[in-house]
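A quick write-up on the structure given underneath.
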Amino acid sequence: MASKPPGTEQFEKMQREAIDASSAAAAKTLEGFQKLAALNMQTARTALEQSTEQIEALLSARDAKTLADLVTSMAKLSPEQFSAYAKAVYAISSETGTDIASMVQKQIADSNAKLAAAVESLAKTAPAGMPNANDFITQSMNAAKSAYEQMQAAAQQFAQSAGAGKAGKR
């Protein structure tokens, strides 16, 4: 059996961990969808109960004025109920998004560290006379890491300003 090149096990391990992280993110997404489905079911159940009560009230009306007053009061959408529903949807979405974002950030940080270690390991086992290639790889890794950190900082600033904007509109 042919031996694997140095660092192959590290790359295979990184791939397995990436698959595990993707599975965890998918599970978190499904959990968010389940919470939204449960919220929608509860909202539908509450609306059905209210409709039943409203129909009973309409059927028990004894005169046209009472009936008209009931219809008018029932036609108005409750801002409190809508606001509570919207806040619950936002909370679920925000929680799920935050959890997935932190999972992704952790996975990227772990992968970057492991990739750097694997590249360093490969560089140590490279044939003599390859210092320029090793320097180039190291510089490329450092540049990619710096670019990623800058993008991550910009994304966090955007998310914070977007969250502050939503908080201000409440």
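The values are calculated or read from the model by the stated rules, or taken from the named source; none is laboratory data. This one's a predicted model, so the numbers in the text were calculated from it and none came from an experiment. Virtual Cβ from ideal backbone geometry, glycine too; neighbours counted across all protein chains shown. Keep in mind that these areas ignore ligands, DNA and RNA; they rest on the heavy atoms of the full protein, side chains included. Shrake-Rupley method; radii C 1.70, N 1.55, O 1.52, S 1.80 Å.
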Give the residue list of trypsin sites (Lys or Arg not before Pro) in region 71-112 that are DSSP loop and have at most 14 other beta-carbon atoms within 10 angstrom. Lys76
On the full set of protein chains, 1.4 Å probe, figure out the accessible area of Tyr85 and give it in Å² to the nearest 10. 80
Can you pull the one-decimal nm distance between simple spin-label points at Phe158 and Ser146, each 7 Å off the Cα toward Cβ? 2.2
Everything considered on the Cα gyration tensor (a ≥ b ≥ c; rounded for a/c under 1.5, else prolate if a/b is larger than b/c, else oblate), region 21-80 must be described as prolate
With all protein chains in place and a 1.4 Å probe, Val71 shows an accessible area in Å² (nearest 10) of 80
